[in-house]
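The values are calculated or read from the model by the stated rules, or taken from the named source; none is laboratory data. Given the structure is predicted, the values throughout are model-derived calculations rather than measurements. Heads up, the Cβs are rebuilt from the backbone with ideal geometry, glycines too, and the neighbour counts pull from every protein chain shown.
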Amino acid sequence: MDQVTRRTQVLRNHLLCRTTPDPSLGPFAPNHCLNYSPPDLVEPSSFNPTDMRLLLDGHNVADRDWLFGLMTQSRLFNPQQRGAKVFVSPDYNQSMEQQREATMKRVFYLLEKGVYQGWLTETGPEAQFRRFALNEVIGIYDHSLAIKLGVHFFLCLIEFDFGRFKRVGTEYSFLFLPLHLLVAENRGGAIQFFGTKSHHEKWLRDTENYEVKGCFAMTELGHGSNVRGIETVTTYDSNTGEFIINTPCESAQKYWIGGAAKHATHTIVFSQLSINGKNQGVHAFITQIRDADGNVCPNIRIADCGHKIGLNGVDNGRIWFNNVRVPRENLLNSVADVSQDGQYLSAIEDPVQRFAAFLAPLTVGRVNIAVAAIYSSKTSLAIAIRYSLTRRAFSVTPNGPEVLLLDYPSHQRRLLPLLAKTYAMSFAGNDLKKIYVKRTPESNKMIHVFSSAFKATFTWHNMRTLQECREACGGQGLKTENRVGHLKGEYDVQSTFEGDNNILMQQVSKALHGEYIAAKKRSRPFKGLGLEHMNSPCPIIPSQLTSSDLRSSQFQTDAFCLRERDLLNRFATEVLKHQAQGQSKEHAFNLSYELAEDLGRAFSQRTILQMFIEAEATVPSGSLKDILSLLRSMYALIFFEEDAAFLRYGYLSTDNADAVRKEVTKLCSELRPHALALVNSFGIPDSFLGPIAFNWIDANAWSSVQQ
Ligand SMILES: Cc1cc2nc3c(=O)[nH]c(=O)nc-3n(C[C@H](O)[C@H](O)[C@H](O)COP(=O)(O)OP(=O)(O)OC[C@H]3O[C@@H](n4cnc5c(N)ncnc54)[C@H](O)[C@@H]3O)c2cc1C
């Protein structure tokens, strides 16, 4: 048969969907074509993925499954048939306007189904864990939907937390503070101002029911990370008992405000408060920006931020205020208040500490973002690893079968360390939530430092994971329906909002520096932030590490602690050196940025490792524990490879670095047989993954096109 006839036959068979082999076709007969073979049939699981999922999700598994079910049942979630499977995902091909409206319809559908019940009106740990869990599931479906809810509920969570802080008093000595304040302890007693209970109840109820649609207006065109520099100005009119909010210049316009462009009726606006000509610093006010019919209120102008590289289901907007009057009660007054006759009242004298107190309740946003990043990594790894267990490329022997992607050692090396990190961060994320839910005034500093470190670390990890997964899926990674590529645009913003990652990591290293100075100056042991290891003798790393050394949690902890201790010493010394040369503390920090960054990462990685070890310790001996031990070793060893500090400062000899590399390769091959079970343990339903995670031949067959 000549070439042309054979091609014609093949095409004819494709078009007719012929499945019976035609012997005359020789090697082009369908039984010589690629077949999809479900990896689930051939990849055994040595442990129970359901048990692993319980450990990973940590809480509210039934609630999560309930919500997955709600979303798959509704056409609003855009179910699409691909081959024999149905996938749910927003239609990102819609216009920005359509995406926003679709997001809003989903918000109301979930409201109707009772998803947000108790998100604001119930406050115990159970309610908070439920809210975290449901938020995580929503983020797996669509980041825009999660953020749209986040900016709305934030309005009241912050309102609530301001009230809460007011009632209990707190330690405000940690946020965005210069050095001397980082080491200071300010235990304000119960701060007594105006009663706000009825005020809280009104906002909480109306927001939970979506009668009030909230947004959060902090950032301005001219100031983002530097919140203290914002230029919106509020004054007080004692004749009417009202505050008057103004946007004095173009750079003071509120910018990026999620929900403001279309839907929000109310905002928390952050503004400088000027009382009797004296600037009292940044304060927050609840302000109505639209009426119930969606008309923009008088003296307010709103414009759209326009199309973005992702997150187009969220209507980010810009706001200008022109003599906008709000009642005196609309000042969030937990930290400071203004009396009817216009006197400024605050129990916190220092404006810098007062500012820190205002920002203290914002940690909830960072906790949410950190854990959401990990669920995005899980989604992309589940897709890329499932694909790599069905996709073949090249043979290693003449006429031999093509090799599965995940059987290439290089492919294992690309994906499996990211999988191990995702597991580690999952456990650390659970701990962060626990610490947050049980927060007390005493734990505020720890929450601030952990949430900053984890938010930056997890979201950076997520972006790296998404890129690697995208590439690991080849061209298929670029198809929106396969999710991994598209998620990059959707999640990129995580490294910028709720605190730019670089700025957050600066905060972390400054906080560690503060602990260091306090311990040295007062000759007292380190206590808190996991720095107690600094009180013990310096760990010694053997010059010739064996495989069992490298896999021991004690050695891994020692090596991570050694690095953190040394970097903290070096950082403190360098800051001191710059100060001795006449630099201000702030500038000394800036000049020491390399060590600050190394230290921030070292702290974060050590904390995550310890949380992983604690999670592992809760599991009885057996296959689950064994696999966790492999993952933990991979998590630790990969940083010996990636962080140049281990060699630069000699924590590892070059021989040991060589041993690490070999061990990572061994760990890859040991983890390879468990890869499918490890991603199945994420508990993400098939319909929330993409077609390439399953029978991608079927999903792309001509018959599918006709569907
Ligand atoms: C999609 C989206 C949604 C958002 N939603 C909201 C919202 O609902 N409400 C709201 O109030 N805000 C929102 N924001 C704003 C967001 O919080 C800010 O973008 C963020 O705080 C960063 O501020 P910026 O963009 O002005 O960047 P800048 O502060 O100008 O930072 C730019 C760069 O400079 C670096 N940099 C800044 N200062 C330093 C320093 N001291 N040392 C070293 N490097 C530095 C940063 O690391 C960063 O890389 C949103 C933003 C986006 C993109």
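Applying a threshold of 6 Å to beta carbon distances and a minimum spacing of six or more residues, or different chains, the list of pairs starting in the stretch 219-233 at a residue that is under 21 Å from residue 504 (Cβ atoms) and in contact (Cβ under 8 Å) with a residue 60 or more places away in the chain and ending at one that is near the ligand (Cβ under 8 Å from one of its atoms) and not in a loop (DSSP other than H, G, I, E, B) reads 225/503.
Take the conditions (1) closer than 22 Å to residue 228 by Cβ; (2) crowded, with 18+ Cβ neighbours inside 10 Å; (3) among the charged types (D, E, K, R); residue 328 misses just one of them, which is (1). As a summary of the residue check, residue 336 satisfies the conditions (1) small (Gly, Ala, Ser); (2) under 30 Å from residue 473 (Cα atoms); (3) touching a strand residue (DSSP E or B) at 6+ places or on another chain (Cβ under 7 Å) except for the one numbered (2). Do we find a residue being within 16 Å of the ligand (Cβ to nearest atom), modelled with pLDDT under 95 and within 21 Å of residue 353 (Cα to Cα) anywhere in the stretch 232-251? Checking the stretch 232-251: not a single residue is within 16 Å of the ligand (Cβ to nearest atom), modelled with pLDDT under 95 and within 21 Å of residue 353 (Cα to Cα). Condition check: within 27 Å of residue 203 (Cα to Cα) and outside the structural domain of residue 296 (by TED's automatic domain parsing). Does residue 369 satisfy that? Considered against the rule, which asks whether it is within 27 Å of residue 203 (Cα to Cα) and outside the structural domain of residue 296 (by TED's automatic domain parsing), residue 369 comes out as yes.
Rundown of residues vs (1) surrounded by 12 or more Cβ atoms within 10 Å (Cβ to Cβ); (2) within 16 Å of the ligand (Cβ to nearest atom); (3) not assigned by TED's automatic domain parsing to the domain that holds residue 650, yes/no style:
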{"site": "493", "(1), (2), (3)": "yes, yes, yes"}
{"site": "496", "(1), (2), (3)": "yes, yes, yes"}
{"site": "509", "(1), (2), (3)": "yes, yes, yes"}
{"site": "513", "(1), (2), (3)": "yes, yes, yes"}
{"site": "523", "(1), (2), (3)": "no, no, yes"}
{"site": "530", "(1), (2), (3)": "yes, no, yes"}
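Close contacts from the stretch 580-591, counting a first residue that is within 13 Å of the ligand (Cβ to nearest atom) and a second that is not in a helix (DSSP H, G or I), with Cβ to Cβ under 7 Å and a gap of 6+ residues or different chains, come to 586/178; 591/583. Considering only residues in the stretch 203-231 that are among the aromatic types (Phe, Trp, Tyr) and more than 10 Å from the ligand (Cβ to nearest atom), the one that is nearest to the chain's Cα centre (by Cα) turns out to be 210. Within the stretch 469-491, restricting attention to residues that are more than 16 Å from the ligand (Cβ to nearest atom) and among the acidic types (Asp, Glu), which residue is surrounded by the fewest Cβ atoms within 10 Å (Cβ to Cβ)? Here the residue is 471.
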